[in-house]
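Asker: After the structure tokens below, expect a handful of questions from me.
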Amino acid sequence: MATTERKPLLLDFEKPLAELATRIDQIRQLAEENSVDVSGQIRQLEARAMQLREEIFTSLSPSQRLQVARHPRRPSTLDYIQAISDEWMELHGDRTGGDDPALVGGVGRLSGQPVVMLGHQKGRDTKDNIARNFGMPYPGGYRKAMRLMEHANKFSMPILTFIDTPGAWSGVEAEHQGQGEAIAYNLREMFCLDVPIICTVIGEGGSGGALGIGVGDRLLMFEHSVYTVATPEACAAILWKDAGKAPQAAVALKIISHDLKKLGIIDQILPEPTGGAHSDPLKAATTLKQVLLENLDELNHLTSPERRQLRYEKFRKIGVFTEVAH
């Protein structure tokens, strides 16, 4: 992960924090120029800044959490893999003619245990995003993922997937290549794998593009990530013919971690550093590694048939509803 000092990219609701930080810097500079001790006042302002940051990030609306999930400096799949693995070797190609950079994967070790890790990969800037297709895989990306998961199954290595995509690429070329078939094949085959599978939503989990690597024994989710059947913008455009109603759609879709935990769709929420994972990527990675190891320890104590049965039951429970007579 990059450690060079960079100007922060501020979201709209972070502006009061930036204004307070500017005020603290101005006071500190004036105090140095005039040899005045204002350490007490600065401590008070810094304490207020910490309190304000806590208040803002504990009361974000669904649409604001979506902004955090889409933050260009939010840690990516490769960031997390490099931070948590002892060794890592990326593997390329779907063995049918291509290598999709929007979905990366390979073999590595997590605290000494051999694992296969794979996930969606967005870019850091416009050029990188174009190269990665904004984290939206073609069918070849999902076929590459399945090839790696079959490799993991053959050699008894747990599978760790990291979900961060607006959705699978929906262009004409992707449809010609069988996008729907590629995702459906992954869904079916992931239910049959013998090894432990842990899926983590690290950013934006969108539609079938997320589900294509999202069938697992455990589904984890970072606190400010989102997981949704369609983007709020798409939902608003479909229901109200107005993408401007995306904030309303974000509430109705129940896309945030706490709502999804109540609905029984995800198993565990991973806390983020105050200010989001991008504010302290190493701390977020430490949390992720600890939770992955805890869940792997539990899953490794189960037999393959037990894991497959629990995986099946987990997804059968999703979508249960009650009809109320009027």
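Asker: Based on this model, can you work out whether Gly216 counts as under 14 Å from the mean Cα position of the chain (by Cα), within 22 Å of Lys122 (Cβ to Cβ) and of a type outside the set (Lys, Arg)? Don't jump to the end; show me each part of the working.
Answerer: Working: under 14 Å from the mean Cα position of the chain (by Cα): no; within 22 Å of Lys122 (Cβ to Cβ): yes; of a type outside the set (Lys, Arg): yes.
Taking the combined requirement at face value, the residue does not satisfy it.
Asker: Select from the range 107-127 the residues that are of a type outside the set (Ser, Thr, Tyr) and open to solvent by 30 Å² or more (accessible area, probe 1.4 Å) and list them in ascending order. Steps first, please.
Answerer: Filtering the range 107-127 for residues of a type outside the set (Ser, Thr, Tyr) gives 107-110, 112-125, 127.
The answer is Val107, Arg109, Gly112, Gln113, Pro114, Lys122, Arg124, Asp125, Lys127.
Asker: If you take the residues of the range 179-232 that are surrounded by fewer than 24 Cβ atoms within 10 Å (Cβ to Cβ) and among the hydroxyl-bearing types (Ser, Thr, Tyr), which of them is farthest from Pro273 (Cα to Cα)?
Answerer: This residue is Tyr185.
Asker: Within the range 135-148, is even one residue part of a loop (DSSP other than H, G, I, E, B), more than 24 Å from Ala230 (Cβ to Cβ) and out of contact with any Ser or Thr (no Cβ under 8 Å at 6 or more places or on another chain)?
Answerer: Checking the range 135-148: not a single residue is part of a loop (DSSP other than H, G, I, E, B), more than 24 Å from Ala230 (Cβ to Cβ) and out of contact with any Ser or Thr (no Cβ under 8 Å at 6 or more places or on another chain).
Asker: A follow-up question, please. Restricting the first residue to the range 100-124 and requiring it to be on the phi < 0 side of the Ramachandran plot and polar (S, T, N, Q), which pairs with a second residue that is in a strand (DSSP E or B) and surrounded by 23 or more Cβ atoms within 10 Å (Cβ to Cβ) meet a Cβ separation below 7 Å and a spacing of at least six or different chains?
Answerer: Gln121/Leu103; Gln121/Val104
Results for (1) open to solvent by 10 Å² or more (accessible area, probe 1.4 Å); (2) in a loop (DSSP other than H, G, I, E, B); (3) at pLDDT below 95, shown as yes or no for each residue.
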| position | (1), (2), (3) |
| --- | --- |
| Leu78 | yes, no, no |
| Ala83 | yes, no, no |
| Asp100 | yes, yes, yes |
| Gly105 | no, no, no |
| Asn129 | yes, no, yes |
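Asker: Every residue in the range 244-265 that is in a loop (DSSP other than H, G, I, E, B) and more than 19 Å from Arg70 (Cβ to Cβ), please.
Answerer: Leu263, Gly264, Ile265
The values are calculated or read from the model by the stated rules, or taken from the named source; none is laboratory data. None of the values given here were measured: they were computed from a predicted structure. As a convention, Cβ positions derive from the backbone with ideal geometry for all residues, glycine included, and neighbour counts pool all protein chains shown. The area values use the complete protein model at the heavy-atom level, side chains included, leaving out ligands, DNA and RNA. Shrake-Rupley method; radii C 1.70, N 1.55, O 1.52, S 1.80 Å.
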